[in-house]
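Visitor: Sharing a structure, written as structure tokens. Questions coming.
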Amino acid sequence: MTEWHFYEPAQGHGLAHDPLNAIVGPRPIGWIATVSADGRRNLAPYSFFNLFSYRPPIIGFCSNGAKDSLANARETGEFVWNLATRDLAAAMNETSAMTDEDEFTRAGLAALPSERVAPPRVALSPVQFECKVTQIVQLQDRHGAGVPGWLVLGEAVAIHIDTAMLEDGVYQTARARPILRGGGPADYFELGETFAMTRPG
């Protein structure tokens, strides 16, 4: 017989650490570069991030709290997603600090100019998506009341891939050594063992 730990989130989880983001994980990291309307650079990681559509390619990140990335995306309508990899993990973590500093400078990261948007790209990241904002949606609870979380969706209008990540025209996911966010206070994962399955009929 399975013994269940049952809880209603509104009443608290009753555990040492909230299990929610450990259960829905590991999650890809939205390493988001933006610029403010007056040209100040910002770079920050978001653990609520994913790809939502192939054509057009739509990705999104959620800002819990009204942070600089949200403000900049709202002001300018642009952002760049950079793939966070194992080699860049320490620098990515450094950009999570709540600071008014330029995070590229703080983390010692070189930047590259983008082709179609104003925010720069992380030079050492093997993949970058240049995005135009399509929607910004404030999340709501079940009663329709707004909560302090905003989903920023953007269409990738230009994509850069390090050709070393390609083999016979196929992107090699594990080769980039992407890192993923776990649920503990300091848990991250590197993409591990893979297995193959094909869709039926």
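Visitor: Report yes if Leu83 is under 30 Å from Ala176 (Cα atoms), surrounded by fewer than 14 Cβ atoms within 10 Å (Cβ to Cβ) and touching a helix residue (DSSP H, G or I) at 6+ places or on another chain (Cβ under 8 Å), otherwise no.
Guide: Against the criterion (under 30 Å from Ala176 (Cα atoms), surrounded by fewer than 14 Cβ atoms within 10 Å (Cβ to Cβ) and touching a helix residue (DSSP H, G or I) at 6+ places or on another chain (Cβ under 8 Å)), Leu83 does not qualify.
Visitor: Assess whether Ala44 counts as being more than 21 Å from the chain's Cα centre (by Cα) and under 15 Å from Leu70 (Cβ atoms).
Guide: Judged against the criteria, Ala44 is not a match.
Visitor: Any residue in region 112-129 that is acidic (Asp, Glu), touching a residue at least 12 places away in the same chain (Cβ under 8 Å) and loosely packed, with under 15 Cβ neighbours inside 10 Å?
Guide: yes
Here's the yes/no breakdown for (1) polar (S, T, N, Q); (2) part of a strand (DSSP E or B); (3) touching a Lys or Arg at 6+ places or on another chain (Cβ under 6 Å); (4) within 27 Å of Ser36 (Cβ to Cβ):
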residue	(1), (2), (3), (4)
Ser96	yes, no, no, yes
Asp100	no, no, no, yes
Phe129	no, yes, no, yes
Gln135	yes, yes, no, yes
Leu153	no, yes, no, yes
Arg175	no, no, no, no
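Visitor: In region 60-70, which residues are crowded, with 16+ Cβ neighbours inside 10 Å and among the aliphatic types (A, V, I, L, M)?
Guide: Passing the criteria: only Leu70.
Every number here is computed from the coordinates shown, using simple stated rules; none is lab data. Fair warning: this is a prediction, and the values are worked out from it, not measured in the lab. Every residue, glycine among them, receives a Cβ derived from its backbone with ideal geometry; neighbour counts consider all protein chains shown.
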